[in-house]
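Note sheet for the following structure.
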Amino acid sequence: MDGHDLLSALAGTADFEAAGDAPRSGPPARARRIPPDLSGCITHVIAGSRKMPVLKAMTTTACERDCFYCPFRAGRSAMKRVRFTPDELASGFMALYRAGAVEGMFLSSGVVRGGVTTQDAILDTGAILRRKYGFRGYLHLKLMPGVERDQVREAMRLATRVSINLEAPNATRLARIAPGKQFEQELLTPLRWVEELRRDPDAGLRASSTTELVVGAAGESDLELLSITDHLFRQLRLARVYYSAFRPVPETPLADLPATDPLRELRLYQASFLLRDYGFELEDLPFTGQGDLPLHVDPKRAWADQILVHQPVEINRASRAELLRVPGIGPQSADRILKARVEGRLRTLADLRHIGIRAVQRVAPYVLLDGRRPVEQPRLF
Ligand code: SF4
C-alpha cells in the first residue's frame, strides 16, 4: 500500500481523536502535499518552535465495544470499516514520510477480538517502523482498554508517547456513557503502570503519556473533570489531558443529546494549563455553585478580577510564581521580566513592551510598576 492509498482509506475515519499539541495556532507546518479532503488524517505536534505534521491512523475502524458517544461503536452502519495489517500501515506511513508529507505517526484502533489482540497489532506496527524501516521520529501509540502490563512496557520501548482515553472523570460517569468499560481496571491502571515504569531506573523508559475526556455527555461538572486532571498531572505526570466537546453521532444512544458548547472545551484547556504550568491549585479556579467554570471569561482573568485587582503584583519585586498569576504573563514573559530586572527597574508599560511583553493592556489592571498603577497611553496610530 502506498501513502495515498492509506490516506484515502483513512479519509473521514481519523478526525475524531485529539492527539496533537496546538491545532489552533503556531508556525506553518511542512505537510503541504495533503489534499484538503484528507487533512482530517493529519494532526500537529509542537517540535521546538514549529508544528510537526503527524499522520493519525487506525489499525481498524471496526469495534466490538459499545461506547454510547463513539462513531466506531459496534453495529453502526454509517461508519466506513477499514482494516490494515501492520505491514500495510508501516509501509503506507513510510511512503508519506519519505515524500515529506508527515514526520510522525499517531496510531489508534477499534477493539477487535479483545484489547490484548488489538494491542498486539499496534505494537507490531510500531516494531516494523522502528526495526525494519529504522524510523526514529515521533510515534504515539494508543493503549487499548484491557492492555497487559508487558504490552505497556513494549509500547513505551517503541513510542515517543503513549495514551489511553479515560473518557469520563470517574467510574460513575463512565458507566453512563460506556457501560462496557471498567474505569479503574481497564483505563486508570495502565496509566499508573506507565508512571511506575517511567520511575523505574532499571526500565530506562521515558515515553510521555496523555489521556482524553469526553465533555458534556455524562452530566459531569467541570470540577469533576479538573479534579481528575489535577490528579493525573500531579500523581501520574501526564503531559497533557485532552478534552473533547461531545458531538452527537447518528445511530448512537446519545444521538439526541445536544452538542457541548466548544467554549466549555476551551475553558477546560485554559484551566488545565493553569494547573499544569502556572502553579494554580484546584481551589484557585473560579467554579460556580454548580461546579462549572464561567464561560464568558477565561479562568485566569476571573481569578485575577477577584484577587489581584485588590492586591496588585509589583513587577519589580514579584517572584516568578507571582508573575505567572498575572493575566497576559506566561512562562516566557515572566522569564523576560526577571532577566530585565537584573539590568534596571521597569517603570512603565512601554518598558514592558520594550522587553517583548505584548499583552500589556491585559497586564495593566493587575500590577504595580515601581509602586504605581500603570497608565496606558492611548496609541496615536
Ligand atoms: S472501544 Fe474505543 S473505538 Fe470502540 S466504541 Fe469504545 S471508544 Fe469507540
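None of the figures in this text is laboratory data; all of them are computed from the coordinates on show. These numbers come from a predicted model, not from an experiment. For neighbour counting, all protein chains shown are included, and Cβ atoms are generated from backbone atoms with ideal geometry for every residue, glycine included.
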Exercise. Along the principal axes of its C-alpha atoms, what lengths does region 307-368 span, in descending order and rounded to whole Å?
Worked result: 29, 21, 20
For this session: Report, by chain and number, residues whose modeled amide H sits under 5 Å from the one on residue 314, excluding near sequence neighbours (fewer than 5 apart, same chain).
Result: 368
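Taking only C-alpha pairs under 8 Å that are 6+ residues apart, what is the relative contact order of the chain in percent? Let's see the in-between values first.
On the way: 663 pairs, mean separation 40.0, N = 381.
Computed over the chain, the figure is 11 percent.
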Exercise. Against the longest alpha carbon principal axis of the chain, how many degrees, from 0 to 90 and to the nearest 10, is the axis of helix 149-158 turned?
Worked result: 70
For this session: Of the DSSP beta bridges with both residues in the chain, give the percent that are antiparallel, rounding to the nearest 5.
Result: 25
Exercise. When the Debye formula is applied to the Cα atoms of the chain, each taken as the same point scatterer, what base-10 log of I(q)/I(0) results at q = 0.09, 0.14 Å⁻¹?
Worked result: -0.60, -1.22
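Report the local net charge at residue 345: Lys and Arg +1, Asp and Glu -1, summed over other residues whose C-beta lies under 14 Å from its C-beta.
Working: positive: 317, 339, 341, 347, 372; negative: 314, 343, 351, 370.
After counting each charged neighbour, the total is +1.
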Exercise. Which trypsin sites (Lys or Arg not before Pro) in region 133-185 pass both tests, a DSSP loop state and at most 16 other beta-carbon atoms within 10 Å?
Worked result: 136
Seminar exercise, completed: Ranked by GNM mean-square fluctuation in the chain (Cα springs under 10 Å), the top entry among 197, 143, 232 is 197
Exercise. By the scheme Lys and Arg +1, Asp and Glu -1, what is the net charge of all other residues having a beta-carbon under 13 Å from that of residue 189?
Worked result: -2
For this session: Go through region 293-306 residue by residue and turn each phi into a ³J(HN,Hα) via Karplus (6.51, -1.76, 1.60, θ = phi - 60°); whole Hz please, and just put x for glycine and proline.
Result: 7, x, 7, 7, 9, 6, x, 5, 5, 4, 5, 5, 5, 7
Exercise. Non-local amide H neighbours of residue 56 (under 5 Å, H modeled in plane, Pro and chain starts lacking H): which ones?
Worked result: 42, 43, 106
For this session: Measure up 132/181; 56/181; 181/300 against 29 Å on the Cα-Cα distance and list the ones that go over.
Result: 132/181; 181/300
Seminar exercise, completed: Neighbours of residue 233 by Cβ distance under 10 Å: Lys/Arg at +1, Asp/Glu at -1, summed charge +2
Exercise. Dipole of the chain (Lys/Arg Cβ +1, Asp/Glu Cβ -1, origin at the Cα centre): which of 287, 143, 306 lies farthest to the positive side?
Worked result: 306
Exercise. If you project the alpha carbons of region 265-369 onto their three principal axes, what span does each projection cover, largest first, in Å?
Worked result: 47, 25, 20
Problem set entry | trypsin sites (Lys or Arg not before Pro) restricted to region 273-365 and DSSP loop, no more than 15 other C-beta within 10 Å | 317, 345, 347, 358
Problem set entry | Those GluC sites (Glu not before Pro) in region 196-293 that DSSP places in a loop and that have at most 13 other beta carbons within 10 Å | 251, 281
For this session: Round to a whole angstrom and tell me the spacing of the C-alpha centers of region 137-210 and region 331-350.
Result: 41
Problem set entry | Unpaired by the 4.7 Å Cβ criterion, cysteines found in the chain | 41, 63
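For region 307-368, what's the relative contact order in percent, using C-alpha pairs closer than 8 Å and at least 6 residues apart?
Averaging sequence separation for qualifying contacts and normalising by length gives 48 percent for region 307-368.
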